[in-house]
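The values are calculated or read from the model by the stated rules, or taken from the named source; none is laboratory data. From a predicted model like this one, the values you see are computed outputs, not experimental measurements. Note: ideal-geometry Cβ built from the backbone for every residue, glycine included; neighbour counts use all protein chains shown. Quick note on the areas: whole protein, heavy atoms, side chains included, nothing else; ligands and nucleic acids left out. Shrake-Rupley method; radii C 1.70, N 1.55, O 1.52, S 1.80 Å.
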Amino acid sequence: MFRLKNTLTRTKEEFKPLEDNLVRMYACGPTVYDYGHIGNFRTFVAVDILRRYLKYLGYRVQHVMNITDVEDKIIRDMKAAGKSLREFTEFYTQEFLDDLDRLNIERPEVIPRATEHISEMSELVERLQEGGKTYASDGSVYFSISSFPQYGRLSGLKLEGNLAGARVDVDEYDKADARDFVLWKAPKDPDEPSWETEFGPGRPGWHLECSAMSMKYLGESFDIHCGGVDLIFPHHENEIAQSEAATGKTFVHTWFHVEFLQVEGERMSKSKGNFYTVRDLVDKGFSPDVIRYLLLSAPYNTQLNFTIDGLRGAASSLERLRNLRRRLAELAAAEGSDSSAIVAVKNAESGFAAGMDDDLNTSAALAAIFDMVRELNTALDEGKVLEDDRKAALEVFKKIDSVLGVLGPLEKPMLDPEIESLIEQRNMARRERKFARADEIRAELLARGIVLEDTPQGTKWRRK
RNA sequence: GGCGGCGUAGCCAAGUGGUAAGGCAGAGGUCUGCAAAACCUUUAUCCGUCGGUUCGAUUCCGACCGCCGCCUCCA
């Protein structure tokens, strides 16, 4: 039984899709005005784990993630860059999608852009207008919180007294109530990107696009809405208000929020110099697999401390998993099965699922896998892994990696005549007990990133 | 000020009302010509501090200390 924490109820609930076997989920995507950073990708990796585990469980998944390609910071930076909106956002959109690919994050089924859904958004505003949930001021359209009594349920914030206080209205727009939020923004400058609508020229407020696009692609009620914890308020609170005020239906069943990460024990920020993009880390020599492993190694709902040491550790952990997988793949096993091996494999599979079933507890799931790693390595040392065990173990690796997505394809035994020849020379030297020469060859290969292992089955090599 | 979360070995971290998973790093060992890989042993008499409830608490309650987040754009 898959249990998932729902921010709305603050409890782990048994997950059941609204519609038989289909899970409809939405994830708040990036605002494309800069490269994504490692904190962003923690969220997207977590959402990816969720979607992959749903598929592991046999559900069909319809997953939508928006691209916010019109917004205040975008306008600010595109002007500074002297580029058109489209030109500016297309660049960072592409970079974002590339990072997704590098981190082996599956592409959502639909990746809609805000600027391509202006009509859906204006229709939603009209619907709210007809219901008397809005008011206009200075050419902008606002949502009236007083028309939605349930406001604040998701975040648990009591806004009545609070927001009326000091920190109100950073916005230059006039609002009737400090808690109200803008649906449609009138242009401040004539050269701002703007679209014509029934209620005048302007651009969408931030919250509007997610409501309009999620409902377009997933329906007025859907299963899971994902995002970072910082989006709980006000973004998701406002999405609920405008969506439910328009439809009268429950907008989302389960709200899934991913915790922030820290970097080297501190909040990540550009001023602290601990602000990493994926490309930064790749430049430091860490592969995207390793980054992904570290990001998913702690449960999504805890504040993970992301460190460079942690990346090194993640690299070692990952190598250990791959070593076992390769060892199994290369094994020429006798027919049959050995009980200790097969029990280890079965326990890993059930332990993995048990961990994941418990609100995607990846730490517990990984622990189950590492138990198997130890047991199978021992069994291999003792020659107790037979053909059926070998196949079952490789199958389990494949299954868990369909969720974790860190192991990559099984590397084929590589053939390289030059390396083979050097290994043969080294083995000849070893037979003649000319170890100095043998070690020289080994060091030479290591310098080229080739690691040698002398095993009872002969000398094996792999790339480091 | 309001609300929420966290504090477990050198590091990352799971977890439970009955006495501490897993990973990384370190040390010792087995194997090896030496390595590598792998395995074994070892590293928290104790889970921020102080009280309380309980036969028993790291796990529940309270206070305190420290850290983080939200309350404003933010993954």
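General remarks:
- One decimal place: the segment residue A:126-residue A:270 gains 47.8 nm when fully extended, by the rule 0.36 nm per residue minus the C-alpha distance.
- Theoretical FRET efficiency, 1/(1+(r/R0)^6), r = Cβ-Cβ of residue A:83 and residue A:419, R0 60 Å, to 0.05: 0.80
- DSSP-defined antiparallel bridges as percent of all bridges, the stretch A:17-258, nearest 5: 40 percent
- Relative contact order [Cα under 8 Å, 6+ residues apart], chain A, whole percent: 16 percent
- Based on alpha carbons, the Rg and Dmax found for chain A are 26.9, 92 Å.
- Spatially proximal lysines relative to residue A:384 (Cα-Cα < 26 Å; intrachain offsets below 8 disregarded): A:346, A:398, A:399, A:412, A:460
- Rounded tilt (10° steps) of A:435-447 against the dominant C-alpha axis of chain A: 20 degrees
- Considered as an equivalent ellipsoid built on the Cα gyration tensor, the stretch A:303-404 has semi-axes of 26, 16, 10 Å, the largest given first.
- Degrees separating the helix A:308-330 axis from the principal Cα axis of chain A, which is the longest one: 50 degrees
- Taking every DSSP beta bridge that has both ends in chain A, the antiparallel portion is near 50%.
- Counting only protein heavy atoms and a 1.4 Å probe, chain A has 46 square angstrom of accessible area per residue.
- Partner lysines for residue A:79 [C-alpha distance under 26 Å; skip if fewer than 8 residues away on the same chain]: A:185, A:188, A:270
- The alpha-carbon positions of the stretch A:17-258 define a convex hull whose volume is 124 Å³ per residue.
- Reducing the stretch A:321-381 and the stretch A:403-443 to their Cα centroids gives an inter-centroid distance of 27 Å.
- Within the accessible surface of the stretch A:41-80, defined with a 1.4 Å probe on protein heavy atoms only, the carbon and sulfur portion equals 47 percent.
- Helical contribution to [θ] at 222 nm, DSSP H n ≥ 4, -39,500 (n - 2.57), averaged over chain A, rounded to 500: -15000 deg cm²/dmol
- Accessible carbon and sulfur surface of the stretch A:345-444 relative to its total accessible area, %, 1.4 Å: 54 percent
- Unsatisfied cross-links (Cα-Cα over 31 Å) in the set A:83/A:272; A:5/A:464; A:73/A:216; A:216/A:284: A:5/A:464; A:216/A:284
- The modelled label-to-label distance for the pair residue A:60/residue A:382, using points 7 Å beyond Cα in the direction of Cβ, is 4.7 nm.
- Protection proxy ranking for A:268-275, A:414-421, A:83-90, A:50-57, using the average of other Cβ atoms within 10 Å per residue and placing the highest first: A:50-57, A:83-90, A:268-275, A:414-421.
- Folded to 0 to 90 degrees: helix A:417-431 orientation relative to chain A principal axis, Cα: 40 degrees
- Rounded FRET efficiency, nearest 0.05, which uses the C-beta distance separating residue A:282 from residue A:440 and R0 of 30 Å: 0.35
- R0 of 45 Å, Cβ-Cβ distance residue A:412-residue A:350: FRET efficiency to nearest 0.05: 0.90
- The residues packed around residue A:438, meaning those with a beta-carbon under 12 Å from its beta-carbon, carry a net charge of +1 if Lys and Arg are +1 and Asp and Glu are -1.
- Estimated inter-spin distance, residue A:12 and residue A:262, nm [label 7 Å along Cα→Cβ]: 2.4 nm
- For the stretch A:417-463, the ratio of Cα radius of gyration to the globular rule of thumb 2.2 N^0.38 Å stands at 1.03.
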